[in-house]
Amino acid sequence: MTDDTWTTITRLHDWLTAHQDLPPGQEILLRVLKLSEEVGEAAQAVIGATGQNPRKGTSHSWADVEAELCDVVITALVALRTLTPDAPEVFATHLRRVADRSLSRDRPRPSVRGASEEPRTTEGR
């Protein structure tokens, strides 16, 4: 992530803080709850993009899903910034740990698909 990203996240955090009158300790709780709301909107967009609600049909595009996923990421980063002013360092350290744990191993990963099942692609969006 760039410094510009974290500057924007801090500005969004400061803007939200200035426009919310919350009791101490409630700010992080509400930011995490907002994250749950955004994840739900991403799920709704996937259901709409795949036409899985017979009543609504295809109500969303894959571009809508992309936008909702971006909202999830932004909301999570603002929540992290609410929890700690060291959010960029906390995130970078955690990302390195996850990458080291996941990418540095030479052993094969267990498959969650059956051997004959084809992987999904994003073709035809």
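Counting the residues of the range 61-91 that are over 14 Å from the mean Cα position of the chain (by Cα) and among the hydrophobic types (A, V, I, L, M, F, W, C) gives 5. Taken over the range 18-49, the criterion of being modelled with pLDDT of 95 or more and of a type in the set (S, T, N, Q) is satisfied by 36, 44. Would you mind stating whether residue 21 is over 16 Å from the mean Cα position of the chain (by Cα) and within 18 Å of residue 91 (Cβ to Cβ)? Considered against the rule, which asks whether it is over 16 Å from the mean Cα position of the chain (by Cα) and within 18 Å of residue 91 (Cβ to Cβ), residue 21 comes out as no.
The values are calculated or read from the model by the stated rules, or taken from the named source; none is laboratory data. Note that the structure is a prediction, hence the values are computed from the model and not measured. Quick reminder, even Gly has a Cβ in these numbers, built from the backbone with ideal geometry, and neighbours come from all protein chains shown.
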